[in-house]
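Just below is one structure, and these are the notes that go with it.
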Amino acid sequence: MKRLLLALALLFIPAVALAAEGSSDRPHWSLELKGGVFFPNLSRWSDFYGSSFTSEFGGALAYKVRREIEVGIEGTYVSADGNGQAPLHAQVAGGGQVAAGQVSYELFPLNVFVLARGVFSEDQPLVPYLGGGWTRMFYREEVKGQGKVQGSTNGFHVRGGIQFLLDRIDADAARNLDRDYHVRHTYFFTEAKYTRATADTNPSGSVNLGGVSYLGGLLFEF
């Protein structure tokens, strides 16, 4: 983890200097704030947690190597509470059925990505995008009175979506954001993301802790 943070620092420190020296005619950074639903790959998830999906929230920060190409880091948080049996205990901690009362489940996906945006002009109303990269998945499942299973594993993710320019809806507000906070553009976006991160199981095989996410949020370019 320390090596990852050091590598990211080495990536972004020169980027900050380039952004400060660069032209103000185009944005150099993007910030995403997002939320939505996550459909886990774990088998019989709805039996354990009462629904086929749960919530996911997070954000991303990226530097624009070119106007169309970004490199960045994304972090999200997934959680669920249920009653019954604990799927992660059963699949990772020893096999078989694990009797459980109250169960809490958490995922902390950390993504390092490259992303391409189909932007050809600064006032383009719709911008499609596609990206993907490396994932470090941190997981934890706790059964009340029976301890917890936690750890981390590597994987990958891919995502794509479309962003909608909001500047024209309130041009005065857009100009004020640019003047006061150097926010060049604001978008609303929707995206789909697939994550695969497998953890070794006992006694055999592996389990994919990833799944499919459907997210929406706001994108700020500055």
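Just checking, how many residues over the range 35-64 are open to solvent by 30 Å² or more (accessible area, probe 1.4 Å) and part of a strand (DSSP E or B)? Number satisfying all stated conditions: 5. Each residue in the range 1-34 was checked for being modelled with pLDDT of 50 or more and part of a loop (DSSP other than H, G, I, E, B), and 6 of them qualify. Take the residues of the range 117-132 that are free of Cβ contacts under 8 Å to residues at least 60 places away in the same chain and of a type in the set (D, E, K, R): which is surrounded by the most Cβ atoms within 10 Å (Cβ to Cβ)? Residue satisfying both the conditions and the ranking: 117. If you go through the range 139-170 and keep only what is open to solvent by 30 Å² or more (accessible area, probe 1.4 Å), part of a strand (DSSP E or B) and β-branched (Val, Ile, Thr), you end up with 158, 162. Does residue 136 satisfy the criteria of being open to solvent by less than 30 Å² (accessible area, probe 1.4 Å) and either at pLDDT 95 or above or part of a helix (DSSP H, G or I) (or both)? Here the answer is no, as residue 136 does not meet what is asked.
The values are calculated or read from the model by the stated rules, or taken from the named source; none is laboratory data. Worth saying up front: this structure is predicted, and the values here are computed from it rather than measured. Cβ coordinates were reconstructed from backbone atoms using ideal geometry, including for glycine residues, and neighbour counts include every protein chain displayed. Ligands, DNA and RNA are excluded from the accessible area calculation, which covers all protein heavy atoms including side chains. Shrake-Rupley method; radii C 1.70, N 1.55, O 1.52, S 1.80 Å.
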